[in-house]
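The values are calculated or read from the model by the stated rules, or taken from the named source; none is laboratory data. Note that the coordinates shown come from a computational prediction; the quantities given were computed from them, not determined experimentally. With ideal geometry, Cβ positions are generated from the backbone for all residues, glycine too; neighbour counts draw on all protein chains shown.
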There are 2 protein chains.
Amino acid sequence: MVERKKKQVSEARAGAEERREAVPAGRRERNKQEKLARIVEAAKELFGTKGFAETTTQEIAEKADIGTGTLFLYAKSKEDLLVMVFKDEMIATSQEAFKTLPAGSSLINQLMHVFDMMIVYHARDIDLAKALIREITVPPEKSSRHDDLMALMPVIYGGIADLIIAGQKAGKLRLDIDPLLVAESLFAIYYIGLVGWLSGIVTKTQFIKRLRPRLELAIEGIVAH
Amino acid sequence: MVERKKKQVSEARAGAEERREAVPAGRRERNKQEKLARIVEAAKELFGTKGFAETTTQEIAEKADIGTGTLFLYAKSKEDLLVMVFKDEMIATSQEAFKTLPAGSSLINQLMHVFDMMIVYHARDIDLAKALIREITVPPEKSSRHDDLMALMPVIYGGIADLIIAGQKAGKLRLDIDPLLVAESLFAIYYIGLVGWLSGIVTKTQFIKRLRPRLELAIEGIVAH
DNA sequence: TCTCAATTATGACTACACTCAGATTATAGA
DNA sequence: TCTATAATCTGAGTGTAGTCATAATTGAGA
């Protein structure tokens with residue numbers, strides 16, 4: 001039973017196995033792909049217009065023209081669906097951020113560029129961002145989106161680590177540091193600020209305004225010389 | 001109606017208003033305090049033995065010997081109840097951590113002492129810690145525990161900021177930095193690690209092992225000299 | 001002591017995420 | 001083409017968080 005579900009989910013995901021382009025194996029597989037696409041589209045539409053909490057799984061199933069039970073063959077939970085729907089956008093946003101870096105700029109400016117773009121993305125729909133960050137930060141047991149998050153984080157961490165490596169090569173940063181370790185710390189500073197903003201503890205303006213000096217201090221250090 | 005609930009909740013909370021010590025106003029107020037105490041005790045017991053998700057609000061109400069609806073006059077939601085039950089312990093743990101600092105030790109050792117104690121606390125019940133961190137990090141709308149969190153954070157941020165101020169006075173740290181701003185960044189590094197541990201991305205050992213160099217780099221900076 | 005308005009308590013009820021036994025559909029082999 | 005098996009779908013059913021109209025309790029003032 002578990003085996004069966006596992007098979008479905010993994011196959012349903014972007015048809016990773018039978019990838020023969022224009023001819024997606026058989027009608028069965030094609031139907032599944034179409035259904036998955038309809039579900040994602042319906043969920044995205046409804047989450048965007050009504051909000052996450054206000055959207056019922058019934059509505060999503062109806063809009064996707066499937067039975068209520070069928071929905072849960074494609075997503076383990078409503079929260080799962082949320083991540084499923086928006087992870088691609090988030091990955092794309094991150095990749096775009098690193099592609100449009102201001103050339104030859106300082107590390108702090110490059111970091112601010114990346115984080116700014118992420119902030120702009122989340123600002124499009126704060127309630128949705130809040131729900132999304134909630135699921136991503138501490139995924140509940142019911143979530144199977146661990147894999148999806150494992151696809152997002154390397155993009156971000158790797159991108160920041162690359163910036164640090166570039167800084168090392170330019171002779172501006174210490175060579176005796178682990179770029180990935182530092183990347184995670186810098187991201188942590190951004191992330192906690194993001195959470196504070198989405199939780200309403202600080203405004204977006206305050207968040208952005210304080211982000212830069214925080215990152216600067218993390219780069220320059222706080223020890224007296 | 002909204003007004004009514006607000007009143008109830010705020011009065012129920014530790015009897016902040018009518019504080020005449022041994023004589024808690026009237027029977028009404030006393031009953032409310034007793035009920036609140038029974039609820040918290042019942043919830044703590046059940047969350048600890050059965051786990052958060054596996055405990056039903058019915059069970060808590062039964063154990064506290066109140067009606068199912070009454071429970072929601074004292075806590076806005078099940079998640080609310082979780083924070084309500086454990087916030088005091090968390091505040092106490094934080095205060096204890098700062099009280100037992102290794103005297104005359106370096107900033108990094110003092111930070112590790114504080115964070116170690118918090119980690120030990122969360123390690124007592126990882127599932128519970130996970131649920132708790134989930135609620136604290138991005139509180140859902142249904143939560144009214146904003147105030148409670150506003151009581152916890154100053155203890156932590158203030159405590160760390162004091163360590164930084166001490167370092168400044170000892171001439172070891174830069175004077176041109178905002179201690180609170182730095183405190184939040186250092187805590188962010190710990191917090192993201194904590195989340196990674198509780199989400200099963202890294203083990204507790206890995207988390208602790210990597211925490212120290214991260215904090216060291218944040219203190220010393222990563223720029224080449 | 002006896003109202004009576006205000007506060008607090010209650011559990012039947014509702015809404016909704018999620019399950020599961022049985023129905024339906026696709027595919028491979030005869 | 002027909003059949004058998006596996007894969008997929010379905011919606012009535014289930015469990016539980018949270019609501020709300022009504023009941024019970026309290027205390028101030030008569």
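Remarks
- Among the residues examined, residue B:181 does not qualify as within 18 Å of residue B:92 (Cα to Cα) and aliphatic (A, V, I, L, M).
- Within the span defined as the stretch A:169-189, every residue fails to be more than 8 Å from chain B (Cβ to nearest Cβ), crowded, with 18+ Cβ neighbours inside 10 Å and among the hydroxyl-bearing types (Ser, Thr, Tyr).
- Check on residue A:112, over 17 Å from the mean Cα position of the chain (by Cα) and surrounded by 15 or more Cβ atoms within 10 Å (Cβ to Cβ): yes
- Where residue B:150 falls short, out of the listed (1) within 14 Å of chain A (Cβ to nearest Cβ); (2) at pLDDT 95 or above: (2)
- Residues being under 19 Å from the mean Cα position of the chain (by Cα) and not in a loop (DSSP other than H, G, I, E, B) - total across the stretch B:47-73: 2
- Selection from the stretch A:92-107 of residues that are of a type in the set (A, V, I, L, M) and buried (at least 17 other Cβ atoms within 10 Å of the Cβ): A:97, A:101, A:107
- When restricted to residues that are within 27 Å of residue A:134 (Cα to Cα) and either out of contact with any Ser or Thr (no Cβ under 8 Å at 6 or more places or on another chain) or within 14 Å of chain B (Cβ to nearest Cβ) (or both), the stretch A:22-66 contains 23.
- Here residue A:98 passes the criteria (1) touching a residue at least 40 places away in the same chain (Cβ under 8 Å); (2) within 16 Å of DNA strand C (Cβ to nearest atom); (3) aromatic (Phe, Trp, Tyr) except the one numbered (2).
- The condition of being within 16 Å of DNA strand D (Cβ to nearest atom) and hydrophobic (A, V, I, L, M, F, W, C) holds for only one of B:111, B:73, B:107, that being B:73.
- Within the stretch A:74-104, restricting attention to residues that are modelled with pLDDT of 95 or more and in a loop (DSSP other than H, G, I, E, B), the residue that is farthest from the chain's Cα centre (by Cα) is A:102.
- Selection count, the stretch A:194-225, where residues are facing chain B (nearest Cβ under 8 Å) and part of a helix (DSSP H, G or I): 9
- Tabulated pairs, the stretch A:69-84, first near DNA strand C (Cβ under 8 Å from one of its atoms), second in a helix (DSSP H, G or I) and of a type in the set (Val, Ile, Thr), C-beta under 7 angstrom, 6+ apart or interchain: A:71/A:39; A:71/A:57; A:71/A:60; A:78/A:57
- If you go through the stretch A:133-147 and keep only what is within 12 Å of residue A:90 (Cβ to Cβ) and either within 11 Å of another protein chain (Cβ to nearest Cβ) or modelled with pLDDT of 95 or more (or both), you end up with A:133, A:135, A:136.
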